[in-house]
1. Looking only at helices (runs of 4 or more DSSP H) that lie completely in region 2-81, which have at least 1 residues being β-branched (V, I, T)?
2. Among the residues of region 177-197, what is the count of those that are in contact with a helix residue (DSSP H, G or I) (Cβ under 7 Å, 6 or more places away or on another chain) and at pLDDT below 90?
3. Before we move on, is D65 acidic (D, E) and under 18 Å from D173 (Cβ atoms)?
4. For region 53-75, which positions are surrounded by fewer than 17 Cβ atoms within 10 Å (Cβ to Cβ) and more than 17 Å from P139 (Cβ to Cβ)?
5. Can you find even one residue in region 290-301 that is within 26 Å of the chain's Cα centre (by Cα) and at pLDDT 90 or above?
6. Looking only at region 396-424, filter to residues that are surrounded by fewer than 16 Cβ atoms within 10 Å (Cβ to Cβ) and either among the β-branched types (V, I, T) or outside the structural domain of G172 (by TED's automatic domain parsing) (or both); which one of those is nearest to D192 (Cα to Cα)?
7. Return the only residue of E113, E129 being farther than 23 Å from A267 by Cα and under 22 Å from the mean Cα position of the chain (by Cα).
8. Looking at region 217-226, is at least one residue assigned to a loop (DSSP other than H, G, I, E, B), at positive phi, surrounded by fewer than 24 Cβ atoms within 10 Å (Cβ to Cβ) and not β-branched (V, I, T)?
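The values are calculated or read from the model by the stated rules, or taken from the named source; none is laboratory data. Because the structure is predicted, anything quoted here is derived from the model rather than measured. Cβ placement follows ideal geometry from the backbone for every residue including glycine, while neighbour counts extend to all protein chains displayed.
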Amino acid sequence: MTIKFCGGAERVTGSNYLIDTGKIKFLVDSGLFQGGNDADKLNWADFPYNPEEINFVIITHSHIDHIGRLPFLVKKGFNGKIYSTEPTKEFAKIFLEDNCNILADIASRLQLEPLYNLGDVEKTINLFETHDYYKEIKPRKDISIKLYDAGHILGSAIIEIKIGKETIVFSGDLGNPPVPILKDTDFLTKADYIIMESTYGNRNHEPFQERKTKLERIIEDVINKKGTLLIPAFAMERTQEIIYELDDLIENGRIAQIPVYVDSPLALKATEIYKKFPEYFDEEARTLLKSGKDFFKFPYLKFVDSVQESKEIDRTPGPKIIIAGSGMSTGGRILYHEKRYLSDESTTLLIIGFQVKGTLGRDLQEGQAAVEIFGENIPVKAKIELINSYSAHADQVRLMYWLSKFQKPIKKIFLIHGEIKNSEILLHKIEAEEGINTYIPKYLETVEI
């Protein structure tokens with residue numbers, strides 16, 4: 001049996017892994033590459049396998065770097081089942097539809113045919129078969145699959161695959177508990193092979209108790225300056241968590257009521273999907289819901305849909321908060337707001353998620369004095385703030401803690417979904433503290449297990 005690392009190896013995006021048992025072939029994830037000069041080239045390249053020969057796909061979660069090439073896979077001939085949780089299917093539909101517009105713009109710029117269209121997305125969604133956590137999936141007589149709660153985003157999964165006598169665990173993206181709304185990450189205890197993310201393998205987040213206090217301080221500073229707080233955030237999870245936190249801060253009188261704009265039609269759709277799955281919420285969020293509390297609605301919160309409404313945000317004087325996608329400033333309405341407000345000293349840009357190398361978000365995080373947006377050079381005079389503990393990814397301590405719950409022996413760990421230096425630091429820590437053979441696979445490398 002072999003695993004081919006077709007993406008998410010030596011980099012954070014493009015999650016795509018081919019398992020070949022000698023009898024069948026299946027995939028875990030099929031995501032878009034993001035960031036870096038080679039991302040578009042990799043996305044438009046043919047798959048390093050024949051899609052028609054793939055029997056089925058298992059999806060860890062609905063972020064576009066894990067599902068973004070699924071319609072291209074279908075377009076190229078895949079016609080098997082796609083296994084996921086129900087929220088993952090629901091989110092996949094709206095994210096893939098939205099992604100068609102983004103990919104069409106890229107294709108036009110590169111003078112290429114669009115990677116896929118809405119028809120391909122519809123065919124893809126029709127292939128999904130959803131399953132609850134902990135329920136056995138039997139795609140073949142000798143294969144058993146179970147999904148566990150990764151605590152990363154709503155419906156995210158750790159994947160346990162039993163093939164004959166071997167157990168393979170894909171961590172997916174592990175969460176960063178405790179966070180608003182979501183349940184904590186599940187722990188597994190048995191595996192022969194673990195394919196594990198390493199996004200924050202080199203460092204730790206600040207204590208979670210401090211993040212709301214830091215958010216409160218940042219907002220108070222913006223209020224004092226009568227400025228604008230820009231928060232680039234993905235349409236799901238980060239947006240909903242920040243809304244949840246703002247609601248709590250306002251309700252408890254810790255910050256003044258100021259206009260909060262969620263400038264993202266996609267975030268509005270994602271929030272409506274959230275409301276359909278309260279059984280996936282943690283106990284605190286479910287208790288609030290039972291009391292009649294709607295933590296996605298509070299005074300001065302406005303979801304912005306139309307382009308005209310988005311433009312009118314400028315007319316509202318500061319202080320104000322604008323939450324918009326994308327989370328790494330690679331597209332979406334946040335770019336228009338960054339172009340408008342980054343050169344203003346009263347502006348604060350708050351980064352709350354991992355910024356892939358080669359993205360505008362990473363450039364801003366690293367303190368570049370000027371950035372290019374829509375072909376225009378924009379001086380950065382805004383204050384740049386960072387709260388790592390709002391990241392959806394486990395830090396080094398949590399990665400190690402999750403791993404420590406597995407019984408020994410483990411035959412091998414493969415570190416994926418991380419920049420090489422981050423993976424290397426985690427590798428040395430695992431081998432020193434856990435004594436487990438750990439390896440960082442190369443892009444397109446095939447390993448035998």
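1. Ranges flagged: 64-67, 70-75.
2. Number of matching residues: 4.
3. yes
4. Hits for region 53-75: nothing passes.
5. Within region 290-301 (the criterion being within 26 Å of the chain's Cα centre (by Cα) and at pLDDT 90 or above), the answer is yes, since at least one residue qualifies.
6. If we take residues in region 396-424 being surrounded by fewer than 16 Cβ atoms within 10 Å (Cβ to Cβ) and either among the β-branched types (V, I, T) or outside the structural domain of G172 (by TED's automatic domain parsing) (or both), then V397 is nearest to D192 (Cα to Cα).
7. On the way: E113 fails: under 22 Å from the mean Cα position of the chain (by Cα).
From the options E113, E129, the qualifying one is E129.
8. yes
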